[in-house]
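What follows draws every value from the coordinates through simple rules; no lab data is involved. Since this is a predicted model, take the numbers as computed values, not measurements. Cβ atoms come from the backbone with ideal geometry, glycine included; neighbour counts cover every protein chain shown.
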Amino acid sequence: MNLAAAANENMAYISNVLIYSAMAVYTLAFIAHMAEWVLGSRSKVGRTAAALTASDGTGDAGRTETVEISGGKGGTTVLERPKVVTRGGSGSRDVPDGPGAAGSDAGGDMSGRIAISLTVLAFAIHAAGVLARALSVQRAPWGNMYEFSTTFSMVAVGAYVVGLALRKNVRWLGLPLVTTVLLDLGLAVSVFYTESDQLVPALDSYWLYIHVSCAIISGAVLYLGAVATLLYLFRDRYEAKLAAADGPQPGAFATSVLERLPSAATLDKFAYRINAAVFPLWTFTLIAGAIWAEAAWGRYWGWDPKEVWTFITWVAYACYLHARATAGWRGRKAAYLALVAFACFLFNYYGVNLFVDGLHSYA
Amino acid sequence: MSETGTNTEIDPSATESAEGRAEGPDTEPPGGSAAARLSTAPADSINVPALGLLGWARWSWRQLTSMRVALILLFLLSLGAIPGSLIPQSGVSPMKVEEFRQAHQTLAPIYDRLGLFHVYSSVWYSAIYILLFVSLIGCIVPRGWQLTRQLRGRPPAAPRRLGRLPAYTSWRTGAAPEEVLGAAHRLLGRSRFRTHRSGDAVAAEKGYLREVGNLLFHIALIVILVAFAVGQLWKSEGGKLVVEGDGFSNTLIQYDEFSSGTLFDSDGLAPFGFALDGFDATFERTGPQKGTPRTFRARATYWEGASGEERKTVIEVNKPLEVAGNKVYLVGHGYAPVVTVRDGQGDIAYQGPTPFLPQGDTGFTSVGVIKVPDYRDKEGKKNQLGFQGRFLPTFALDEVRGPHSSFPALDYPVLAINAYRGDLGIDSGVPQSVYQLETEKMKQFKDAEGEPFRKFLRPGESAELPNGAGSIEFEGVKTWATFQVSHQPANGLALVGAVAALAGLAGSLFIQRRRVWVRASRGADGETLVELAGLGRSESPKLPEELADLAVALRAEAPVSGAAGEPAAEEGSEAEADDPATKHPDPEPEEAAGPDNQGNDPADPVEGARA
Ligand code: HEM
């Protein structure tokens, strides 16, 4: 008994060391990302503006894409594969994606790769830290805000790493993600830190595992969607300014940063796909929570503040999906709704736990 | 238009809603031309007010069931839910509402008038969700019809210029058009498209489950709402404290407190009962979390019906007992010291366990009151006794806190009591709390020094009251537990609705609805031009790939003539660029289909189905 307790405290200690180490490596990744952006700014990108002017002249000339079956690198496939002409609908700008933070600068690209390697390393340490914490408390690592925060950012980085592994176009997420993960971990270790402990009986149910793990995954992935949405808003404004040649043009700094991001259309689609893909999971989170509440408190819905905010967040995302399907609401307006919806998620987590007392406020 | 900037999609459902749900002003004007806007705008916002009452009614209905209003109502639904999470709600915590009223004398009446203490049943919030659900029904019904029509109809015929569609490919082959179309027909059929061949083209469509899923989801929302309403109207919920060894049977008078929905009939209480055999609680013994609860288990025996068979069970915090359509939840627990009070004559005036209420400290200090209404003093005169007790499960003493309890378990239980005599006030008819002693008409016993009589008793010990007034013996401790018995009809229905909603949502968001057309026409050179085009929602990048896959498969039967593998797509687009008809900005495919094809818009499944 006592031996086990000592082992647990040992584990908790190891976990803390790992989390701090992860933070150190994330910091290095952050620096490498900064280097990537700074070095990249030396390279002349200048592609977006040209593309915009070109597309202004010719209207929506069809874009030709070679569809490859074997995912090889550009143009090396010898498969006999028909070319499919794709074209955007009315009003699309047909702007190509920016080249990424490094631009065409070799040094920038190198530090970008270093940043990614460091991020993957930090993620591994981070995950080990979360695992050690779970072992030390002998349950899932999300019984309080400290554990929730560390797990949350771990899943967000994990999703990003998976995206990289699948060769999705997500490299542009690197800097904002690493920055906020550092922020989140910093908050976790300084403000929310809780000694490892076990759960009070009310929290001890397998629906908790299902409900909370889904909530964490949804939130972490929705966070990536929110970052994309925010960047979309900036990039969209930038492209709009460029397109309106006689209006005010974007400043040098904005240009330097924004021209390297993917096009507004790409960012918007990325955000939509993420939000749409997570929405069913978030719905399931809500349902699992209701089932758990039914088992624990005798009613599946009782307008407890946490439940209310889960509901608000859910409806806000439904709003966003509706907006996407409603002409006149797509684009920026829908993007604002997506940000509002994610703000609701954040409030549900931080705001409700800290400022509103209800049955859920276990932190 | 450039504001939105992102709709690189030609969205079948957008056009669909323009037709089916009359929200023309919302629909993006094709190409942004003012003429196009006018010509497609339905009557709603312009003419209808002149049509009088009926016209207005129809106009309002159309507005209400439009996607834009649904969006606004949804937004209001979430906005309106906010105050209920920040202001105490009478349905959730009436005590906090009371506190709030005391603290905010001016604000409270305003809140009252706005229904802010019961947001979710207030008039304005109800209005929002009722309107939303009316809108929802008004949206589901036409969409349901549309879908059945589409399923009975055929995939819409090919637009005239396939090259204008979002995904397009073409090549020349030596095979005859008939052969190509036949092969395409078979191929698309094998890929589980619904196909239809007419003229020089095969039309195919797939992914109807998206629409089905969407309808299922929205219908499921209504099912959930109905289930919730039924649950609220017919529910019953009661609380009962049961001391170890005692029982409960499900009748109204046995409850400590009881509430029910407006339509609940108390004769409908299901006959069942249970007895508490014992309660086990364990607590963390070491570490910084010392004293926090680890397990709570109520061992119980229950029976169903008037003379049902008895069964043993264990009720835990997340594991209610389900019996006779009711659920019995464990909600609290505590200690009930067992005492025997003897009067001045030496007769037993009171005996039994008395539940004490925990005070919320980590040591589980509990307080309670023992009332002895039938008591005779030394002279045999009738009087009443009252004891105030403090129960300390693990007695400890230190200088700062004095006597207190250091741990919630029964490690060293001590009962501390004060004693009073006089009128308990329970005969006055005014209801009294069993946990409080009204001491106004009572006198406290004093010891020999004139100090208030106070005793600390260990189990088995007893204390003599001063002047031979009797004695009190602390025999031992029993546990008690509080249970919530609730009956909530339509829980199953809500679950069914939730599962259906989830399934529908998955279908609606993950299934891609798309159309593919294949046209084969003999050119001047005697070769056959094969064209493939696809239309879908561009949120998915898969359409071009799917089209390419189809093209690869079709090329097996209609091989590319000339230089093998030479993509003809570029030719196609170049040919198109030369075509004067495509020079002006009319990127919507239905426009490109030409005037003779007006009522037969391929992008509009309804129209297609009608054709
Ligand atoms: C009770 C509140 C409602 C909720 C929570 C809700 C939720 C949703 C969600 C999550 C979607 C996304 C599915 C998708 O994009 O395919 C959706 C789609 C849709 N909803 Fe609702 N909805 C509600 C009410 C309504 C109402 C009142 C209407 C009609 C006026 C409506 C019409 C539609 C339509 C037409 C779509 C399909 C959009 C598309 O094809 O992308 N919904 N709804």
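Suppose each label sits 7 Å from its Cα in the direction of the beta carbon; what would the residue B:378-residue A:113 distance come out to in nanometres?
Placing both labels 7 Å along Cα→Cβ, they lie 10.1 nm apart.
Quick one: what are the phi-derived ³J(HN,Hα) couplings along the stretch B:531-536, Karplus 6.51/-1.76/1.60 with θ = phi - 60°, whole Hz, x for glycine and proline?
10, 10, 9, x, 9, x
If you take the charge dipole of the stretch B:78-162 about its Cα centre, with +1 on Lys and Arg Cβ and -1 on Asp and Glu Cβ, which of B:120, B:78, B:156 is farthest toward its positive end?
B:156
How would A:21, B:198 line up from fewest to most surrounding beta-carbon atoms within 10 angstrom?
B:198, A:21
What ³J(HN,Hα) values, in whole Hz, does the Karplus curve 6.51 cos²θ - 1.76 cosθ + 1.60 give for the stretch B:221-228 when θ = phi - 60°, with x put for Gly and Pro?
4, 5, 4, 4, 4, 4, 4, 5
If I model a spin label at residue B:310 and residue A:24 as a point 7 Å from the Cα along the Cα→Cβ vector, what separation in nanometres do I get?
It is 6.6 nm.
Can you give the FRET efficiency to the nearest 0.05 for residue A:209 and residue B:186, using r as the Cβ-Cβ distance and R₀ = 51 Å?
Working: r = 49 Å, r/R0 = 0.97.
After rounding to 0.05, the efficiency reads 0.55.
Multiplying the sequence separation of residue B:270 and residue B:347 by 0.36 nm and subtracting their Cα-Cα distance, what value in nm do you get?
23.6 nm
Kindly state, to the nearest 0.05, the FRET efficiency for residue B:522 paired with residue A:343, given R0 = 60 Å and r defined as their beta-carbon distance.
0.50
Quick check: the distance between the Cα centres of the stretch B:397-423 and the stretch B:496-523, to the nearest angstrom?
70
How would A:259, B:316 line up from fewest to most surrounding beta-carbon atoms within 10 angstrom?
Arranged by neighbour count, lowest to highest, A:259, B:316 become B:316, A:259.
Can you list the residues of the stretch B:110-132 with backbone N under 12 Å from a point 7 Å past the Cα of residue B:259, pointing along Cα to Cβ?
B:118
What residues have an amide H closer than 5 Å to that of residue B:384, excluding those fewer than 5 places away on the same chain, when H is modeled at 1.01 Å from N in the peptide plane?
Under 5 Å from the amide H of residue B:384: B:422.
Does the stretch B:346-504 come out rounded, prolate or oblate, given a ≥ b ≥ c as the square roots of the eigenvalues of its C-alpha gyration tensor, rounded meaning a/c under 1.5 and, failing that, prolate meaning a/b above b/c?
Prolate.
At 7 Å along the Cα-to-beta-carbon direction for both residue A:190 and residue B:295, put a label point, then send me their distance in nm to one decimal.
4.2
May I have the extent of the alpha carbons of the stretch B:162-313 along their three principal axes, as whole Å values ordered from largest to smallest?
Here the Cα extents, ordered largest to smallest, are 93, 51, 32 Å.
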